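Below is one structure; the comments refer to it alone.
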Amino acid sequence: MVSVVGVRAYKDLSRPEAWAYWKDLYFSSSMTSSLITNASPDGSGRRRSALAIGGTIGAATASWLRDRLDEAHLVAGDTVLMSSPGGDLNQAIIMGEVIRSRGLVTAVGGVDPSGHIRPSYCASACVLAYAGGSRRIGIEGSMLGVHRFVTSSPGGTTSPGPDAVAETQRIAGLVLNYLTRMGVSSAVAEAMSATDKVRWLDAKEAAATSLVTAPVRRL
C-alpha cells in the first residue's frame, strides 16, 4: 500500500506543474509575509491589522495566502498590503477571490525596517489580486502596472498559432469577467490588452476606472 502511494506521489511530482506547486507551497515560497498589528494604510488614523506580502506570485501562492491569512487572524476591514511584479495569473485571480470573500481591503505598499508602510508597486498579475479588495487603497507614490497576458505557442515560436491565439482570447475574457465581478471598469482590461509592455496607470486613471477606490496621500 505504501509503495503504491509512493509511486503515485512520484508520478504526480514528476509533472513540472505539480512539482512547481509543491515546491512553492512546502519548500520555497515565492512570497514572504509580515503582520503589522497597528497599521493605518488609508491615512485615517484608525489602527487595524495588515498583512504585508511581497514577491512573485507562484504556482501555489493562493493556498499560501489562505494559510497566512488564517495565521494572522485578519477580519473584514483589515488590509492586505501588496508589493509584487506579478506572476501566475490564475493564482492571482484566486487570491483576489479569497481576499474578497473575507471582506479584506487591499493596498499597494511595503514595510520598512522600522515597521512603517512605504510606497511600492504592483504589476501584471498582482493587479488582479489587488482588485479583490472590498476597498482598494491607493497610496501616493505606489504604482499599478498592467499589460497583455499572452500564451506562447508550442515550440516557443514567435508567431502564435491558432491555439495560442484562442488561448490568449480566452485569458482576455477570463480577466474581463473577473475584473467586472470585482467592480473594476472594463477600461482596465482594455488597457491590459493594448500593450505587451508594462503600462503604469496614473492616479487619476486608476481612480476613474475604480481600480483604486480610496486614494490617500503619502503616509
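How many of the residues making up region 34-43 are farther than 20 Å from Ala129 by Cβ, touching a residue at least 12 places away in the same chain (Cβ under 8 Å) and surrounded by fewer than 16 Cβ atoms within 10 Å (Cβ to Cβ)? Residues that pass the stated criteria total 1. Within region 80-98, the residues that satisfy the criterion of being under 22 Å from Ser134 (Cβ atoms) and open to solvent by 10 Å² or more (accessible area, probe 1.4 Å) are Ser83, Leu89, Asn90, Gln91, Ile93, Ile94, Glu97, Val98.
Here Ser120 meets each of (1) hydroxyl-bearing (Ser, Thr, Tyr); (2) crowded, with 23+ Cβ neighbours inside 10 Å; (3) farther than 19 Å from Leu176 by Cβ with one exception, condition (2). Filtering region 71-101 down to residues that are among the hydroxyl-bearing types (Ser, Thr, Tyr) and touching a residue at least 12 places away in the same chain (Cβ under 8 Å), which residue is nearest to Asp112 (Cα to Cα)? Once the filter is applied, the top-ranked residue is Ser83.
Going through region 107-117 one residue at a time, which ones are surrounded by fewer than 21 Cβ atoms within 10 Å (Cβ to Cβ) and in contact with a Leu (Cβ under 9 Å, 6 or more places away or on another chain)?
Step one: of region 107-117, the residues surrounded by fewer than 21 Cβ atoms within 10 Å (Cβ to Cβ) are 110-116.
Correct list: Gly110, Val111, His116.
There is no residue in region 52-72 that is surrounded by 22 or more Cβ atoms within 10 Å (Cβ to Cβ), in a helix (DSSP H, G or I) and charged (D, E, K, R). Leu104 falls short of the stated requirement of being open to solvent by 10 Å² or more (accessible area, probe 1.4 Å), within 23 Å of Ser30 (Cβ to Cβ), touching a Leu at 6+ places or on another chain (Cβ under 7 Å) and touching a residue at least 24 places away in the same chain (Cβ under 8 Å).
Here is a yes/no grid of residues against (1) at pLDDT below 70; (2) more than 22 Å from the chain's Cα centre (by Cα); (3) at positive phi:
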{"site": "Val4", "(1), (2), (3)": "yes, yes, no"}
{"site": "Ala9", "(1), (2), (3)": "yes, yes, no"}
{"site": "Ser14", "(1), (2), (3)": "yes, yes, no"}
{"site": "Leu35", "(1), (2), (3)": "no, no, no"}
{"site": "Asn38", "(1), (2), (3)": "no, yes, no"}
{"site": "Asp42", "(1), (2), (3)": "no, no, no"}
{"site": "Ile57", "(1), (2), (3)": "no, no, no"}
{"site": "Thr61", "(1), (2), (3)": "no, no, no"}
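Taken over region 175-190, the criterion of being touching a helix residue (DSSP H, G or I) at 6+ places or on another chain (Cβ under 9 Å), open to solvent by less than 60 Å² (accessible area, probe 1.4 Å) and not aromatic (Phe, Trp, Tyr) is satisfied by Val175, Leu179, Met182, Val184, Ser185, Ser186, Ala187, Val188, Ala189.
How many residues are among the small types (Gly, Ala, Ser), open to solvent by 30 Å² or more (accessible area, probe 1.4 Å) and over 16 Å from the mean Cα position of the chain (by Cα) if we restrict to region 16-33?
First, the residues of region 16-33 that are among the small types (Gly, Ala, Ser): 18, 20, 28-30, 33.
From the residues that got through so far, the ones that are open to solvent by 30 Å² or more (accessible area, probe 1.4 Å) too are 20, 28-30, 33.
This time we only want the ones that are over 16 Å from the mean Cα position of the chain (by Cα), so: 20, 28.
Summing the residues that are among the small types (Gly, Ala, Ser), open to solvent by 30 Å² or more (accessible area, probe 1.4 Å) and over 16 Å from the mean Cα position of the chain (by Cα) in region 16-33 gives 2.
Only residues that are under 27 Å from Val98 (Cβ atoms), touching a Lys or Arg at 6+ places or on another chain (Cβ under 8 Å) and assigned to a loop (DSSP other than H, G, I, E, B) were counted across region 182-209, and they come to 1.
In the condition set (1) at pLDDT 95 or above; (2) closer than 25 Å to Arg217 by Cβ, His116 is compliant with all but (1).
The values are calculated or read from the model by the stated rules, or taken from the named source; none is laboratory data. As the structure is a prediction and not an experimental result, all values here were calculated from the model. Every residue, glycine as well, gets a Cβ built from its backbone with ideal geometry; the counts of neighbours run over all protein chains shown. Just the protein is used for accessible areas: all its heavy atoms, side chains included, with ligands, DNA and RNA removed. Shrake-Rupley method; radii C 1.70, N 1.55, O 1.52, S 1.80 Å.
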